[in-house]
There are 2 protein chains.
Amino acid sequence: MASKTRRPLTLRDVSEASGVSEMTVSRVLRGREEVSPGTRERVLAAARALGYVPNKIAGGLASQRVNLVGVIVPSLSNLVFPEVLAAIADELEDTGLQPVFGISRYSAEREENVLYEMLSWRPSGIILAGLEHTDLSRAMLAKAGVPVVEIMDVDGEGIDSVVGISHRAAGRMIADAVVAAGYRRIGFLGTKMPDDHRARKRLEGLQAGLAAHGLAVLATEHYEGGSSLAKGREMTQAILAQCPDLDCLVYSNDMIGVGGLLWLMERGVDIPNEIGLVGFNGLEIRAGVQKRLASVDACRREIGRIAAQIIAGKHSALAAPQTTVGGHRIVLEPRLDPGDTLRPFV
Amino acid sequence: MASKTRRPLTLRDVSEASGVSEMTVSRVLRGREEVSPGTRERVLAAARALGYVPNKIAGGLASQRVNLVGVIVPSLSNLVFPEVLAAIADELEDTGLQPVFGISRYSAEREENVLYEMLSWRPSGIILAGLEHTDLSRAMLAKAGVPVVEIMDVDGEGIDSVVGISHRAAGRMIADAVVAAGYRRIGFLGTKMPDDHRARKRLEGLQAGLAAHGLAVLATEHYEGGSSLAKGREMTQAILAQCPDLDCLVYSNDMIGVGGLLWLMERGVDIPNEIGLVGFNGLEIRAGVQKRLASVDACRREIGRIAAQIIAGKHSALAAPQTTVGGHRIVLEPRLDPGDTLRPFV
DNA sequence: GTGAAAGCGCTAACAT
DNA sequence: ATGTTAGCGCTTTCAC
């Protein structure tokens, strides 16, 4: 039971307590094999007795290696990102690597600041959401000399590795589906956030897909701030007030989509016949409502897992590298689950 | 445009490029005032031109100070924790401190490991959920010599500072409310997770509160894994199959509570007259359903904010210290929102 | 298998 | 306002 020391313990303390050189103590504590069992035991006993916690700052400086992986996502309020983080944390579990999370709030400038902070810790890798970054961010990442994985989106140029889905393709997929299901008067409900590039690309894909069928989005409802069921209710009411004869509502995410669905069901609207609905993300919450909202899966756990594998160097190239030398480019194929809110279609 | 260097840049590079000593470069980069404007400009220009990113590992070793705050929560799937993390991140924003998140998966052993990793970076503070830790964890925290804030729960002994609510009191509050509203045949639906101590304490409080009125929980339904609307639906069906004459269902959290509410409403059950419902957490999702689930607010944003303030040393003691010397003990008072799922009561 | 010396890239403490 | 010196606590490298 070591008493309350003010000065933190050092290797030297363990060395003196065990009568073994600092160097050998260091070897034991790092789990190197080249130490005799007897010495190892004495060292471990001393370290435990003292309550020694190694100083990774000193270790990192000396070895020029740090077991940290920086991960930057736009937000934690959008359930999607905690799920990606959880997947990354799970996958990194037994690699000796530790994730460090940062939040950019959908701002490229803030992302740059967070990135700068992270790089100043010389991490072993960086994972960040999206392909849109400031020039300085790109420059820093390029010079950092560590693996960089941009996740969630593949519509654009990557810096090193890229893992995600095409949000434009997802938008087109939704367009094709609602048209195939016979809907013609389509409304869109989504975020106003100008820096949610993935939401923007989905809308672009939707519009392009509809245009290919000679159709267009007839009404749009935008909101600011976080997504919630309540927002979805209000917006659904608003878009139908503005344009009552819509026969299909495309939501930029499942949270507002389910909100809209609940509101419409309460009002006795016949879904999917009178009005069709589609969301995005494949959130679990959809399973909690009588009718399951149609949605496109964003593959977020998969994305997190693969990104972590790439950083950990244990990714068995599912796809051949196509970008930078050494960089992977993994394009996942989202699935559209028609649920119960779209008329049957091929 | 510096070319692709393999060796990372050092202060010395900036020093040479700007013709200013390393020490002064260091001062400029740390924003110390004691440098002439001219020199400052030259240094900043050189650093920018080179794309220099300081090495905090070296800096931390030299200064013996690190601007990191370790935060350990049980999970990211339970929406509550991302919210706490977001609140901490927000509050730390302009303090120069950076949060680093770890996940314990409701396991004290895993928490111990994560804590060990974190402490080895010599952070400026530690925030962790709950009061239940391994002996080694407590010993490490006590010896770390940095502020420690245990959050979310106040039912027990703290190590240093404690910020949270009493989950036992919350349970009793719920008991009093449902009894006051005239319910007598009460069922409980909650997690099986033996290490979710806060859920356990809420149940204990509920039972104690009911006992004080000569009542008891008549039926219980447990589940494993994450909470979801779908789980709430199933469990509600199950508990009513098992014990059809319950007149009140107490859910251990709002997610399963709202699931149960939706299921009951679909079946035309008259809420709150036929059956009363209460959840816990005060989740936003409640506002998205026709009837608002009664719930007790867990004060999670407030808790995150205050914990961060304590670490940052800018907490204006809302309550007098009561525990360890220097340690705060902030007990927040949760509010019960009766919503639309309990009969009116005083 | 173990130890001694050198130094990782910065900053504290003191000059000047 | 700026520079010099001496480490911070570890690991690398090389001896033994």
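Tabulated values for the structure
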{"read-out": "Any chance A:MET265 is surrounded by fewer than 22 Cβ atoms within 10 Å (Cβ to Cβ), among the hydrophobic types (A, V, I, L, M, F, W, C) and within 14 Å of chain B (Cβ to nearest Cβ)", "value": "yes"}
{"read-out": "Matching residues in region A:182-201 - criterion: being buried (at least 18 other Cβ atoms within 10 Å of the Cβ) and in contact with a strand residue (DSSP E or B) (Cβ under 8 Å, 6 or more places away or on another chain)", "value": "A:TYR183, A:ILE186, A:GLY187, A:PHE188, A:LEU189, A:GLY190, A:THR191, A:HIS197, A:ARG198, A:ALA199, A:LYS201"}
{"read-out": "Top-ranked residue in region A:95-106 [being within 19 Å of A:VAL146 (Cα to Cα) and not hydrophobic (A, V, I, L, M, F, W, C); ranked as nearest to the other protein chains (Cβ to nearest Cβ)]", "value": "A:GLN98"}
{"read-out": "Test for B:LEU141: is it within 13 Å of chain A (Cβ to nearest Cβ) and either in contact with a Cys (Cβ under 9 Å, 6 or more places away or on another chain) or farther than 16 Å from B:VAL71 by Cβ (or both)", "value": "no"}
{"read-out": "Residue check, B:ILE159 touching a Leu at 6+ places or on another chain (Cβ under 8 Å), crowded, with 19+ Cβ neighbours inside 10 Å and closer than 17 Å to B:SER295 by Cβ", "value": "no"}
{"read-out": "Complete set of residues in region B:136-157 that are more than 20 Å from B:ASN113 (Cα to Cα), in a loop (DSSP other than H, G, I, E, B) and not hydrophobic (A, V, I, L, M, F, W, C)", "value": "B:ASP155, B:GLY156, B:GLU157"}
{"read-out": "Residue that is farthest from DNA strand D (Cβ to nearest atom) [pool: residues in region B:66-94 that are more than 9 Å from chain A (Cβ to nearest Cβ), outside any helix (DSSP H, G or I) and modelled with pLDDT of 95 or more]", "value": "B:PRO74"}
{"read-out": "Residue match in region B:249-272 (condition: within 25 Å of A:ILE285 (Cβ to Cβ), hydroxyl-bearing (Ser, Thr, Tyr) and out of contact with any Pro (no Cβ under 9 Å at 6 or more places or on another chain))", "value": "yes"}
{"read-out": "Residue match in region B:121-134 (condition: at the interface with chain A (Cβ under 9 Å from one of its Cβ atoms), closer than 23 Å to B:ASP196 by Cβ and surrounded by fewer than 19 Cβ atoms within 10 Å (Cβ to Cβ))", "value": "no"}
{"read-out": "Every residue from region A:258-284 that is free of Cβ contacts under 8 Å to residues at least 40 places away in the same chain and in a helix (DSSP H, G or I)", "value": "A:VAL258, A:GLY259, A:LEU262, A:TRP263, A:LEU264, A:MET265, A:GLU266, A:GLU284"}
{"read-out": "Residue count, region B:44-58 (criterion: without any contact (Cβ under 8 Å) to a residue 24 or more places away in the chain and either of a type in the set (A, V, I, L, M) or within 16 Å of DNA strand D (Cβ to nearest atom) (or both))", "value": "4"}
{"read-out": "For A:LEU246: the one exception among (1) within 17 Å of A:GLY190 (Cα to Cα); (2) buried (at least 23 other Cβ atoms within 10 Å of the Cβ)", "value": "(2)"}
{"read-out": "Set A:THR191, A:THR220: member being among the polar types (S, T, N, Q), modelled with pLDDT under 95 and touching a Phe, Trp or Tyr at 6+ places or on another chain (Cβ under 9 Å)", "value": "A:THR191"}
{"read-out": "Within region B:3-31, tally of residues that are away from DNA strand D (no atom under 13 Å from the Cβ) and basic (Lys, Arg)", "value": "3"}
{"read-out": "Top-ranked residue of region B:41-71 - restricted to ones that are buried (at least 22 other Cβ atoms within 10 Å of the Cβ) and more than 16 Å from DNA strand C (Cβ to nearest atom), ranked as nearest to the chain's Cα centre (by Cα)", "value": "B:VAL71"}
{"read-out": "Among the residues listed as A:SER107, A:SER77, A:SER36, the single one being within 15 Å of DNA strand C (Cβ to nearest atom), of a type in the set (S, T, N, Q) and out of contact with any Cys (no Cβ under 6 Å at 6 or more places or on another chain)", "value": "A:SER36"}
{"read-out": "Among (1) part of a helix (DSSP H, G or I); (2) more than 10 Å from every other protein chain (Cβ to nearest Cβ); (3) within 16 Å of DNA strand C (Cβ to nearest atom) - the single one B:VAL20 does not satisfy", "value": "(1)"}
{"read-out": "Filtered residue count, region A:215-250, keeping only those that are more than 14 Å from chain B (Cβ to nearest Cβ) and over 16 Å from A:ALA199 (Cβ atoms)", "value": "15"}
{"read-out": "Matching entry among A:GLU34, A:GLU112, A:GLU41 (being more than 9 Å from chain B (Cβ to nearest Cβ) and within 12 Å of DNA strand D (Cβ to nearest atom))", "value": "A:GLU34"}
{"read-out": "Residues of region B:218-251 satisfying the condition of being of a type in the set (Ser, Thr, Tyr) and either part of a helix (DSSP H, G or I) or under 19 Å from B:ALA181 (Cβ atoms) (or both)", "value": "B:THR236, B:TYR251"}
{"read-out": "Residue, surrounded by the most Cβ atoms within 10 Å (Cβ to Cβ), within region A:278-316, restricted to residues that are among the acidic types (Asp, Glu) and away from chain B (no Cβ under 14 Å)", "value": "A:ASP297"}
{"read-out": "Single condition B:SER26 does not satisfy, out of (1) free of Cβ contacts under 8 Å to residues at least 40 places away in the same chain; (2) surrounded by 15 or more Cβ atoms within 10 Å (Cβ to Cβ); (3) under 20 Å from A:ALA144 (Cα atoms); (4) near DNA strand C (Cβ under 9 Å from one of its atoms)", "value": "(3)"}
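The values are calculated or read from the model by the stated rules, or taken from the named source; none is laboratory data. Keep in mind it's a predicted model, so treat the numbers as computed, not measured. All Cβ positions, even for glycine, are placed from backbone atoms using ideal geometry, and neighbour counts span all protein chains on display.
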